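Accompanying notes for the structure given below.
The values are calculated or read from the model by the stated rules, or taken from the named source; none is laboratory data. What you see is a predicted model, and the numbers here were worked out from it, not measured in a lab. For neighbour counting, all protein chains shown are included, and Cβ atoms are generated from backbone atoms with ideal geometry for every residue, glycine included.
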């Protein structure tokens, strides 16, 4: 059986104040088709439709800031009012985010003017904790440092990639979940703040072996991205696709990696 090909494509790479760069979100592609969308900002669904000519079948949410979830309301309307019945997209949501997701998106009364519909009717909501299965692949979920405790989460697929979402530096997390050569897609702007990594943090907080595998996104302007690049780091650009390692279709059969190693990442 031929091994699948894996890639990660960025639909947007900017922060909340950089609309020209697109809301930061990415798509895991398997054999060229979209498998899992990571985050859904206000412009994400239109960008997704422009590339894939269809709606996402599955999403993972890193945190509940509107530049990362603001597109879910529009996706609700597209699904709920479609002329033909659509299969509800799966929404993988870390358990600590459920209450804030409910209050920010789903509590508004009569989300359809005609009534009779709940926000989550249009989705298959799947609460997740440390890990979850999607299309026979086992993903790891971990908390990151984004202002409030347990307010944001990252995503990793052993042997393929780690995606931090919005975070301050987390070298100990990378040592656990990205210790096998995975590409690391990391939040980074030109200046640090209590919720985000700045470019000065990268070399100070991470080992060269870690930052040399990083692709940095969520910067504040094209000029900021250029300045980060001039310091010797790789940046993501809107629409770019990154080839990932090519394991077999099941997480049980990653060459050189046993299921027990996937379930028990490097301590």
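When residues in the stretch 1-36 are screened for being within 19 Å of residue 221 (Cβ to Cβ), out of contact with any helix residue (DSSP H, G or I) (no Cβ under 7 Å at 6 or more places or on another chain) and in a strand (DSSP E or B), 1 of them pass. Residue count for the stretch 187-199 under the criterion of being outside any loop (DSSP other than H, G, I, E, B) and farther than 22 Å from residue 130 by Cβ: the result is 5.
Evaluated against (1) buried (at least 18 other Cβ atoms within 10 Å of the Cβ); (2) within 21 Å of the chain's Cα centre (by Cα), residue 111 falls short on exactly one condition, (2). Might you let me know whether the stretch 169-186 holds any residue that is farther than 24 Å from residue 214 by Cα, outside any strand (DSSP E or B) and touching a helix residue (DSSP H, G or I) at 6+ places or on another chain (Cβ under 8 Å)? No, because not a single residue in the stretch 169-186 is farther than 24 Å from residue 214 by Cα, outside any strand (DSSP E or B) and touching a helix residue (DSSP H, G or I) at 6+ places or on another chain (Cβ under 8 Å).
So for the stretch 168-175 (the condition being surrounded by fewer than 24 Cβ atoms within 10 Å (Cβ to Cβ), over 21 Å from residue 60 (Cβ atoms) and in contact (Cβ under 8 Å) with a residue 60 or more places away in the chain), does at least one residue qualify? Yes: one or more hits. From the list 181, 159, the lone residue that is surrounded by fewer than 19 Cβ atoms within 10 Å (Cβ to Cβ) and on the phi > 0 side of the Ramachandran plot is 181. Of the residues examined, residue 95 is one that is in contact with a strand residue (DSSP E or B) (Cβ under 7 Å, 6 or more places away or on another chain) and surrounded by fewer than 18 Cβ atoms within 10 Å (Cβ to Cβ).
Taking helices (runs of 4 or more DSSP H) as the structural unit, those lying wholly within the stretch 37-80 and holding at least 2 residues that are within 27 Å of residue 151 (Cβ to Cβ) and touching a strand residue (DSSP E or B) at 6+ places or on another chain (Cβ under 6 Å) correspond to 44-52. Considering only the stretch 217-234, I want to know if a residue exists there that is surrounded by 17 or more Cβ atoms within 10 Å (Cβ to Cβ), at positive phi and either part of a loop (DSSP other than H, G, I, E, B) or touching a strand residue (DSSP E or B) at 6+ places or on another chain (Cβ under 9 Å) (or both). Yes, that holds for at least one residue. Remark: pairs (first residue in the stretch 109-124, more than 19 Å from residue 87 (Cα to Cα); second residue modelled with pLDDT of 85 or more; Cβ separation under 6 Å; 6+ apart in sequence or on different chains) = 111/119.
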